[in-house]
Amino acid sequence: MKILAIETSCDDTAMAVVECNEDFQNLQTKLLANVISSQTKIHAKTGGIIPNLAAREHEKNLVPVLKETLKQARLKIKEIDLICVTKGPGLQPSLLMGLNFAKTLSYIIKKPIIGTNHLLGHIFSNFIKNDGTFKNEIKLPAVCLLVSGGHTQLYQIESWDEIKLIGETVDDASGECFDKIAKILKLNYPGGVAISKIGESIRLKNKNQKLEFNLPKPLINSKDFNFSFSGLKTAVLYLVQRLKKEKKFNKRIIQKICFETEEVITEVLTFKSMKLAKELNAKTIMIAGGVSANKRLRSKFIEKIGDEFDFVCPDKLMSTDNGAMIAIAGYYEYLRGKKDDCLTLEVDPNLII
Ligand code: KG4
Ligand code: ZN
C-alpha cells in the first residue's frame, strides 16, 4: 500500500510517500519520499507566523511539493492507494489549504482519504527510524511528552488505542515560550532553534555555568501534570527591561538569558514527565513535537532517566512537522476502519486525541 501524506497545519508544506504492509504491530514500512518546504524565511521577517500569509505560501507550494514528492518516490499520482491529510489541530487557513488539495486529489484519483490528527502524527513519529524504515518497538505503558509550538502535553499510553491526556499547558506552549523569548531578545525565528544554539555554546564554554537570574519554573511543584509558560516569558521581559534601564543589556547577557531559559524550560519538562512515569509505573518515556529536537532536553532526559525507563525520541528531522508522521498516524486510523469522505471531510483546528 502506497500512502501519500499531506501536512499543512502550520508553516511547513510537507508531503511524504510511505509504503506499508497491513499489520500495525509488525509494521514493515519504507519512506519513499519526504519533502518539506519551509516558510521560515518569510516568517522570520515578522518574528512569528501570520496565518493568512502561511496559507498563501501553502497555496504556492502545494503543487511543486507534490511534484517533487512523486519524483522522489518514482511514482505517478495514480499509483497512490491512500491519501492521509492533517485535519487538525492547527491554524485554520493553513489546514484548509492542505485539506482542500487532498480532497480534490482523492476525488480525481478515486482513492480513499483519511483526515489525520497532527498530535497522533507527532507521537507516531517515534516509529520512524533514521534509515527511513519504521519499527514499533516501544515498550508500554509509556508516558509521552508532546512539546511543540502549539502544545505542551503529557500522555499516558497503555496501548496504541488508549492514549490518554493527563496534563497540558494552561497558557503558552513550551515552543511558543521559546519563540516569544527569542523575539524579546531580538533573535531569529524560530526561537527555539536560536536559543538552543546560544545555550549550547555557553554550556560548551563553561560546564559549570550558574543560573544567575532566578527565572521562575512555573507549576514545577503543582500536584497535577499541567504546565504554564507565560509567567516565564513575562519574567524575561521584565528582566530585559530592567537590564536595559541599568545599561547592562549586552550580547553576553543575552547569551546568559538564553542559557537560563533553556535550563528552566527543560527542567520543568523533564521533572514532570519523570514524575508521571514513576506514578504510572511506565516502562518508557517518549518525547515528540518540534521542541523534542532540543539537544538539552534530550541530554537532560538521558541524564535523569539512567536505566529507570527506556527513553525514546524521534529522529531530529522527524521532530518538527513532516509528512511521514501523518502517513503513519493516518494509516493506523485506516487500519482501524476509519473512513472519511472527500466530499464531506472538514478541518478541525482544535482537534484533540
Ligand atoms: O512541531 P512543530 O514543528 O510545529 C508545531 O506543531 O507547532 O514545532 C515548532 C516549535 C517552534 O516553537 C520551535 O521554536 C520549536 O518547535 N523548536 C525547538 C527546536 N526546534 C524547533 N525548540 C527548542 N529547541 C529546538 N532545537
Ligand atoms: Zn507539529
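Toward the positive end of the charge dipole of the chain, with +1 on the Cβ of Lys and Arg and -1 on the Cβ of Asp and Glu, the farthest Cα among V264, G337, L276 is that of V264.
Full extension of the chain segment joining K45 with D161 gains 37.6 nm, where the gain is 0.36 nm per residue of separation less the Cα-Cα distance.
For the chain, modelled as a GNM whose springs connect Cα atoms under 10 angstrom apart, the maximal fluctuation among L96, L27, L146 occurs at L27. Counting 0.36 nm for each residue step from N281 to I109 and taking away their Cα separation leaves a gain of 57.2 nm.
Restricting segment 94-193 to trypsin sites (Lys or Arg not before Pro) that sit in a DSSP loop and have at most 16 other Cβ atoms within 10 Å of their own Cβ leaves K110, K129, K135, K139, K186. Computed about its Cα centre, the charge dipole of the chain is approximately 1640 debye, with only Lys, Arg, Asp and Glu carrying charge at their Cβ. In the elastic network of the chain, a GNM with C-alpha springs shorter than 10 Å, the most mobile of N126, N61, N26 is N26.
Working from label points 7 Å from Cα in the Cα-to-Cβ sense, the I353 to N208 distance is 4.1 nm. Ranked by solvent-accessible area (1.4 Å probe, protein heavy atoms only, all chains present), the residues R296, R336, R74 order from largest to smallest as R74, R336, R296.
Note on segment 1-56 and segment 64-138: Cα centroid distance 7 Å, given to the nearest whole angstrom. Rounded to whole numbers, the Karplus 3J(HN,Hα) couplings from phi for segment 220-225 are 4, 9, 5, 6, 7, 10 Hz, using 6.51 cos²θ - 1.76 cosθ + 1.60 with θ = phi - 60°, and x at Gly and Pro.
Backbone amide hydrogens, once placed in the peptide plane, bring N188 within less than 5 Å of nothing, excluding anything fewer than 5 places away on its chain.
For segment 190-301, the Cβ-based charge dipole about the Cα centre amounts to some 420 debye (Lys, Arg positive; Asp, Glu negative; other atoms uncharged). Checking the Cα-Cα distances for K245/K295; K207/K275; K87/K183; K2/K135; K210/K316 against a 23 Å cut-off, the pairs over it are K245/K295; K207/K275; K87/K183; K210/K316. Database remark: amide H of G167 closer than 5 angstrom to the amide H of L154 (H placed geometrically; neighbours at sequence offset of 5 or more, or on other chains; Pro and chain starts carry no H). GNM on the chain, alpha-carbon springs under 10 angstrom: the most fluctuating residue among V85, V170, V143 is V170. Heavy atoms of the protein chains alone define the surface here; on that basis segment 142-313 has 46 Å² accessible area per residue at 1.4 Å probe size. For a modelled paramagnetic label at D315, 7 Å from Cα along Cα-to-Cβ, no residue of segment 83-117 is in reach, as no backbone nitrogen comes under 12 Å.
Taking every alpha-carbon pair under 8 Å whose residues sit at least 6 apart, the chain reaches a relative contact order of 26 percent. Here the accessible area is traced with a 1.4 Å probe on the protein chains. For segment 179-269, carbon and sulfur cover 54 percent of it.
Kindly work out what percent of the DSSP beta bridges joining two residues of the chain are antiparallel, to the nearest 5. Around 60 percent antiparallel, to the nearest 5. Shown is the FRET efficiency for N250 and S299, computed with R0 = 25 Å from the Cβ-Cβ distance and rounded to the nearest 0.05: 0.35.
The values are calculated or read from the model by the stated rules, or taken from the named source; none is laboratory data. Computed from a prediction, not measured in an experiment: that's the story for all the values here. Please note: Cβ atoms are built from the backbone with ideal geometry, for glycine as well, and neighbour counts cover all protein chains shown. Ligands, DNA and RNA are excluded from the accessible area calculation, which covers all protein heavy atoms including side chains. Shrake-Rupley method; radii C 1.70, N 1.55, O 1.52, S 1.80 Å.
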